[in-house]
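Data first, discussion second: the structure below is written as structure tokens.
The values are calculated or read from the model by the stated rules, or taken from the named source; none is laboratory data. Computed from a prediction, not measured in an experiment: that's the story for all the values here. For neighbour counting, all protein chains shown are included, and Cβ atoms are generated from backbone atoms with ideal geometry for every residue, glycine included. These accessible areas exclude ligands, DNA and RNA; they are computed on the full protein's heavy atoms, side chains included. Shrake-Rupley method; radii C 1.70, N 1.55, O 1.52, S 1.80 Å.
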Amino acid sequence: MTIPDTQAASPCALTRRRLLVSAAALGATATIGGMPGRARAAGPQEILSGSHWGAFHARVEDGRFVSLRPWEKDPRPSPTLAGVQDIVYNPARIRYPMVRRAWLEQGPGAAPETRGTGDFVRVSWDKALDLVAGEIRRMQAEHGPWALFGGSYGWRSSGRVGNPQTMLKRLLNLSGGYVESSSNYSKAALEGIMPYVVGSVEAEGQQTAYGTVTENTELLVFWACSPLGNNHISAAIPDHQVWGWFDELAKRGKKAIFIDPVRTDACKKLNAEWIAPRPHTDVAMMIGIAHTLLSENLHDSKFLKDCTRGFDRFADYLTGKSDGIAKSVEWAEAICGIPAAVIRDLARRFAKNRTMLVGGWATQRQQHGEQAPWMLITLACMLGQIGLPGGGFVQRYHIDGGGAPMSLAPPLGNGMSAGKRVETKPWTEDRGTKVIPCARIVDMLLNPGGEYEHNGKRFKYPDVRFAYWVGGNPFHHHQDRNRQVAAWKKFETFIVQDFQWTASARMADIVLPATTTVERNDIERVGPSAGVAIMAMRKIIDPVFEARNDYDIFKDLAKRLGVEQPFTEGKSEMDWIRASYDAALAAAKPKNIPMPDFDSFWNGAGVVEFEVPAASKKWIKYAAFRQDPLLNPLPTPSGKIEIFSTAIERMKYEDCPPHPTWMEPVERLGRPGKYPLHVNSSHPELRLHSQLCGSAAVRKLYEVAGRSPCWINPADAASRGIKDGDTVRVFNDRGQCLAGAVVTEDIRPGVLRLQEGAWYDPLDPGKPDTLCKFGDPNVLTPDIGTSRLSQATSACTTMAEVEKFQGMPPEVTVFTAPARAG
Ligand SMILES: Nc1nc2c(c(=O)[nH]1)N[C@H]1C(S)=C(S)[C@@H](COP(=O)(O)OP(=O)(O)OC[C@H]3O[C@@H](n4cnc5c(=O)[nH]c(N)nc54)[C@H](O)[C@@H]3O)O[C@H]1N2
Ligand SMILES: Nc1nc2c(c(=O)[nH]1)N[C@H]1C(S)=C(S)[C@@H](COP(=O)(O)OP(=O)(O)OC[C@H]3O[C@@H](n4cnc5c(=O)[nH]c(N)nc54)[C@H](O)[C@@H]3O)O[C@H]1N2
Ligand SMILES: [Mo]
């Protein structure tokens with residue numbers, strides 16, 4: 001075995017050498033030096049590791065990660081996996097610490113209009129860390145903890161220990177405090193409303209097992225849900241079990257309906273019925289179905305009486321007793337565009353069959369997004385099948401394999417905690433809140449001291465001047481890009497720590513290059529819900545260029561801020577990995593679940609698999625509650641599912657009434673407005689948000705005219721003279737972007753699909769209304785809260801127009817480092 005020279009000097013390489021000796025002495029062959037599969041002789045080596053896109057064997061030659069192949073136990077490897085290698089050696093890689101020139105020469109806050117122009121100066125790591133630590137100290141001294149934003153949201157990488165967001169919080173907590181963010185961009189409206197309805201955030205953990213549905217469900221309804229496309233990835237390491245489930249459903253010819261403006265892969269796979277209402281009108285359509293159930297006496301009065309509260313109030317709304325408008329199928333048709341007869345027929349079929357309503361989350365990422373999940377559950381309550389095998393509702397089949405049966409895998413430890421908060425200055429009420437809803441960040445920047453409402457209370461925005469972002473890409477995930485670019489000028493200092501030149505990194509004052517997971521060690525679960533295995537994510541290669549591990553960066557900052565000991569607790573990264581595994585081991589022991597000790601695990605196969613008990617495969621959510629709602633109440637005020645909530649009624653929010661309600665959004669398809677087309681910014685099959693967008697190998701799989709694809713129905717394309725493969729310009733009053741036209745019958749007329757996560761590539765950086773050259777839908781989306789209840793993102797409330805781009809389209813330049821930052 002040869003150890004490349006670059007590694008020989010590292011402590012890790014020394015450990016490997018020592019292990020090599022002992023492994024050889026024991027006569028081990030395949031397992032050498034913590035690198036199972038490494039051949040003893042010089043030459044290529046293979047290392048097993050994992051990522052958001054799957055587990056894989058990495059091939060290493062002369063210290064370079066040259067290729068990968070999927071883990072043999074992955075039943076359906078994602079085509080994106082190649083990107084995991086491609087992003088390591090990539091022209092968009094951040095090579096060195098960088099500082100924006102004006103900031104460096106003139107100080108914090110100088111010439112904010114040069115943010116994003118790419119005018120960076122390379123500095124040494126020492127200098128960069130001095131600047132960052134100095135800024136944290138200055139902010140705390142001149143202002144106080146309310147001036148620092150550490151709520152850095154984002155999906156980072158897989159890995160239990162290498163969580164840079166926890167590290168950032170720990171550093172900022174130990175060194176004076178900061179402003180935090182709450183909830184997420186994924187399902188904040190659902191998380192806002194569900195505690196009032198079922199007493200928990202609901203769409204977490206084990207859902208009714210796939211097998212239960214296969215065996216018992218007669219009619220499977222996917223409502224705004226893309227169960228294959230969205231299961232390519234996972235927060236941990238995906239096991240892709242859902243494909244096996246779909247094979248089985250297809251084999252059995254399971255009856256399924258997909259209600260979605262897009263005909264998804266899953267819909268095609270099951271050869272299912274496709275119903276495409278106008279986007280943003282699902283609540284009206286569901287209410288129409290509910291009206292039929294009530295008027296035709298198809299609802300389950302016993303279930304409603306025993307297990308729910310407030311149906312009578314909702315029934316008065318359905319019939320029009322409360323507001324004078326009967327919510328008939330004809331009323332619903334006028335809103336959602338689906339013929340009344342079809343809506344009525346759906347109601348009858350739902351009631352006649354064992355029906356499972358499977359909700360996705362796009363409909364709650366819209367203005368009034370609280371209503372769709374609430375109404376889905378209300379519909380399920382009326383059908384009365386909640387808690388029966390294969391009936392009721394589920395809101396998590398499309399992510400992290402939510403219906404995969406839970407294995408015996410014990411939970412891994414989470415590495416370090418966010419630590420103890422030691423505030424430099426007392427945080428008085430006039431300084432504003434300590435926690436903002438994450439999607440309200442731009443409102444916060446534009447209105448320091450401004451008041452807002454959230455979940456029944458009033459808050460005040462703090463006066464933030466500094467932000468440090470790790471593991472997230474706000475110039476992908478946030479809405480109304482141009483408003484955001486303008487608001488960002490408020491920051492005196494914006495720091496981004498990432499491994500690639502995302503749009504956010506380009507907007508930074510200080511850029512710190514981090515490693516990717518293949519350049520460090522970590523540990524993770526395979527199959528998050530099911531937890532079929534625990535896997536070592538072993539370091540594959542040494543850091544590329546001057547990239548450093550997040551842990552080492554934060555450790556050095558902690559040292560500069562005088563908090564190194566409380567930050568590290570004297571532990572190395574490997575000590576934290578061991579502690580994470582040992583937590584699982586400790587949980588497994590009393591249950592007699594077999595697991596090797598850490599050293600055998602790490603130096604051995606690097607993967608421990610777990611059994612799936614038979615009972616898990618038949619798991620039914622809410623079964624105990626249904627069986628005896630008095631003995632097993634839900635943690636709501638009534639112990640039942642609340643179709644009417646007195647707690648919400650007390651808030652008096654006209655944008656979130658006390659029972660599910662149809663409310664017109666600010667803009668939607670089917671209502672007079674300036675722009676005629678709905679923009680569907682659903683999640684990309686072949687990326688995780690903006691992650692892997694930097695990979696040319698993966699982009700090749702979907703790019704059109706060198707840009708992100710824009711799906712358009714043939715009718716809409718023809719009336720605009722757009723042909724498949726054309727470069728198009730999508731625009732509204734908020735912004736504009738280019739994209740590549742895909743003319744397809746798989747999208748409903750009146751709807752465009754521009755998948756989220758396409759890198760923002762401004763033609764004229766920092767200028768309002770500049771053209772994004774690659775296809776970021778968030779130049780078009782509005783930055784408004786769903787309601788005062790949740791204050792979640794309304795990304796899916798967007799209308800626009802599209803035209804064929806005339807002239808020579810500008811070159812896409814976002815996939816290489818800024819010219820002066822090479
Ligand atoms: N229009 C529209 N917008 C949306 C959505 C939508 O449906 N429509 N969806 C929203 C949703 S649900 C979400 S969750 C958000 C997602 O938004 P984000 O989570 O911000 O998106 P990611 O692309 O996953 O960004 C992760 C970033 O972390 C970096 N990173 C990865 N690993 C590491 C690491 O180890 N260390 C460091 N320092 N950095 C690392 C990556 O390079 C990348 O830049 O987007 C939201 N935005
Ligand atoms: N491959 C891949 N998988 C992912 C992600 C990713 O980036 N890539 N992101 C992950 C994350 S963080 C999250 S939060 C989840 C997101 O999970 P979701 O929010 O459920 O995912 P989306 O893809 O935005 O939307 C799901 C489906 O809803 C449809 N839809 C959109 N608007 C409407 C509407 O108004 N009415 C109806 N009936 N249907 C509508 C879309 O066309 C799409 O097919 O996905 C996760 N899975
Ligand atoms: Mo998300």
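Give me the pairs: first residue in segment 144-169 and on the phi > 0 side of the Ramachandran plot, second residue at pLDDT below 95, beta-carbon distance under 6 Å, and six or more apart or on different chains, which are they?
GLY144/LYS425
Anything in segment 304-323 that is open to solvent by less than 70 Å² (accessible area, probe 1.4 Å) and more than 17 Å from PRO660 (Cβ to Cβ)? List them, or say none.
Across segment 304-323, the qualifying residue is only ASP306.
Mind listing just one residue for me: the one in segment 422-463 that is in contact with a Leu (Cβ under 8 Å, 6 or more places away or on another chain) and either small (Gly, Ala, Ser) or open to solvent by 60 Å² or more (accessible area, probe 1.4 Å) (or both) and, of those, nearest to MET167 (Cα to Cα)?
Only one residue fits best here, namely VAL422.
Got a sec? Which of ALA486, ALA505 is small (Gly, Ala, Ser) and open to solvent by less than 10 Å² (accessible area, probe 1.4 Å)?
ALA505
Please go through (1) touching a Pro at 6+ places or on another chain (Cβ under 9 Å); (2) within 16 Å of ligand 3 (Cβ to nearest atom); (3) of a type in the set (Lys, Arg) for LYS640 and return the number of the only condition it doesn't satisfy.
Failed condition: (2).
Looking at segment 777-800, which of its residues are of a type in the set (D, E, K, R) and either on the phi > 0 side of the Ramachandran plot or out of contact with any strand residue (DSSP E or B) (no Cβ under 6 Å at 6 or more places or on another chain) (or both)? Show your work before the answer.
Restricting attention to segment 777-800, the residues satisfying the condition of being of a type in the set (D, E, K, R) are 783, 788.
Once the filter is applied, which keeps residues that are of a type in the set (D, E, K, R) and either on the phi > 0 side of the Ramachandran plot or out of contact with any strand residue (DSSP E or B) (no Cβ under 6 Å at 6 or more places or on another chain) (or both), segment 777-800 yields only ASP783.
Does segment 572-608 hold any residues that are surrounded by 16 or more Cβ atoms within 10 Å (Cβ to Cβ), outside any helix (DSSP H, G or I) and at negative phi, and which are they?
Matches in segment 572-608: ILE593, MET595, GLY604, ALA605, VAL607, VAL608.
For GLU649, state whether it is farther than 30 Å from MET535 by Cβ, open to solvent by 40 Å² or more (accessible area, probe 1.4 Å) and assigned to a helix (DSSP H, G or I).
Yes; evaluated as a whole, the condition is true for this residue.
Any chance segment 171-182 includes a residue that's within 16 Å of ligand 3 (Cβ to nearest atom) and farther than 30 Å from VAL464 by Cβ?
no
Any idea which residue in segment 171-210 is least open to solvent (accessible area, probe 1.4 Å), counting only those that are within 19 Å of ILE620 (Cβ to Cβ) and within 13 Å of ligand 2 (Cβ to nearest atom)?
ALA203
Of the residues ALA266, ALA250, ALA224, which single one is in contact with a helix residue (DSSP H, G or I) (Cβ under 8 Å, 6 or more places away or on another chain) and open to solvent by less than 10 Å² (accessible area, probe 1.4 Å)? Don't jump to the end; show me each part of the working.
Numbers: ALA250 fails: open to solvent by less than 10 Å² (accessible area, probe 1.4 Å); ALA224 fails: open to solvent by less than 10 Å² (accessible area, probe 1.4 Å).
One residue alone meets the criteria, ALA266.
Among the numbered criteria (1) closer than 22 Å to PRO782 by Cα; (2) touching a residue at least 12 places away in the same chain (Cβ under 8 Å); (3) out of contact with any Ser or Thr (no Cβ under 8 Å at 6 or more places or on another chain); (4) of a type outside the set (A, V, I, L, M, F, W, C), which one does GLY450 miss?
Going through the list (1) closer than 22 Å to PRO782 by Cα; (2) touching a residue at least 12 places away in the same chain (Cβ under 8 Å); (3) out of contact with any Ser or Thr (no Cβ under 8 Å at 6 or more places or on another chain); (4) of a type outside the set (A, V, I, L, M, F, W, C), GLY450 breaks only (2).
Scan segment 286-296 and tell me whether some residue there is outside any helix (DSSP H, G or I), surrounded by fewer than 24 Cβ atoms within 10 Å (Cβ to Cβ), out of contact with any Ser or Thr (no Cβ under 9 Å at 6 or more places or on another chain) and touching a residue at least 40 places away in the same chain (Cβ under 8 Å).
Checking segment 286-296: at least one residue is outside any helix (DSSP H, G or I), surrounded by fewer than 24 Cβ atoms within 10 Å (Cβ to Cβ), out of contact with any Ser or Thr (no Cβ under 9 Å at 6 or more places or on another chain) and touching a residue at least 40 places away in the same chain (Cβ under 8 Å).
Can you name every residue in segment 380-397 that is open to solvent by 10 Å² or more (accessible area, probe 1.4 Å) and over 12 Å from LYS621 (Cα atoms)?
Scanning segment 380-397 gives a single hit, LEU383.
The conditions are (1) in contact with a Gly (Cβ under 8 Å, 6 or more places away or on another chain); (2) more than 16 Å from ligand 1 (Cβ to nearest atom); (3) in contact (Cβ under 8 Å) with a residue 60 or more places away in the chain, and TYR178 fails exactly one of them. Which is it?
Unmet condition: (3).
Restricting attention to segment 324-336, report how many residues are open to solvent by 70 Å² or more (accessible area, probe 1.4 Å) and either touching a strand residue (DSSP E or B) at 6+ places or on another chain (Cβ under 6 Å) or of a type in the set (D, E, K, R) (or both).
Here the count works out to 2.
In segment 757-777, what residues are assigned to a strand (DSSP E or B) and either among the aromatic types (Phe, Trp, Tyr) or open to solvent by 10 Å² or more (accessible area, probe 1.4 Å) (or both)? Please lay out each step first, then the result.
Quick first cut of segment 757-777, residues assigned to a strand (DSSP E or B) only: 762, 771-772.
Once the filter is applied, which keeps residues that are assigned to a strand (DSSP E or B) and either among the aromatic types (Phe, Trp, Tyr) or open to solvent by 10 Å² or more (accessible area, probe 1.4 Å) (or both), segment 757-777 yields PRO762, LEU771.
Quick check on this structure: which one of ARG788, ARG820 is part of a helix (DSSP H, G or I), open to solvent by 10 Å² or more (accessible area, probe 1.4 Å) and either among the basic types (Lys, Arg) or in the same structural domain as VAL442 (by TED's automatic domain parsing) (or both)? Walk me through it before giving the result.
Details: ARG788 fails: part of a helix (DSSP H, G or I).
Selected residue: ARG820, the only one of ARG788, ARG820 that is part of a helix (DSSP H, G or I), open to solvent by 10 Å² or more (accessible area, probe 1.4 Å) and either among the basic types (Lys, Arg) or in the same structural domain as VAL442 (by TED's automatic domain parsing) (or both).
How many residues, within segment 227-242, are open to solvent by 20 Å² or more (accessible area, probe 1.4 Å) and either more than 9 Å from ligand 2 (Cβ to nearest atom) or in contact with a Gly (Cβ under 9 Å, 6 or more places away or on another chain) (or both)?
3
Yes/no per residue for (1) surrounded by fewer than 20 Cβ atoms within 10 Å (Cβ to Cβ); (2) among the basic types (Lys, Arg); (3) in the same structural domain as ALA315 (by TED's automatic domain parsing); (4) in contact (Cβ under 8 Å) with a residue 40 or more places away in the chain:
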site	(1), (2), (3), (4)
LYS617	yes, yes, no, yes
ALA624	yes, no, no, yes
GLN627	yes, no, no, yes
SER638	yes, no, yes, yes
ILE641	no, no, yes, yes
SER645	no, no, yes, yes
PRO660	no, no, no, yes
MET663	yes, no, no, yes
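Scan segment 570-605 residue by residue and report those that are free of Cβ contacts under 8 Å to residues at least 60 places away in the same chain, under 20 Å from TYR551 (Cα atoms) and among the acidic types (Asp, Glu).
ASP575
Inside segment 181-263, counting only helices (runs of 4 or more DSSP H) that do not spill past its ends, which hold 2 or more residues that are on the phi > 0 side of the Ramachandran plot and outside the structural domain of VAL751 (by TED's automatic domain parsing)? Steps first, please.
Numbers: elements: 188-197, 210-216, 241-251.
Here the list is empty.
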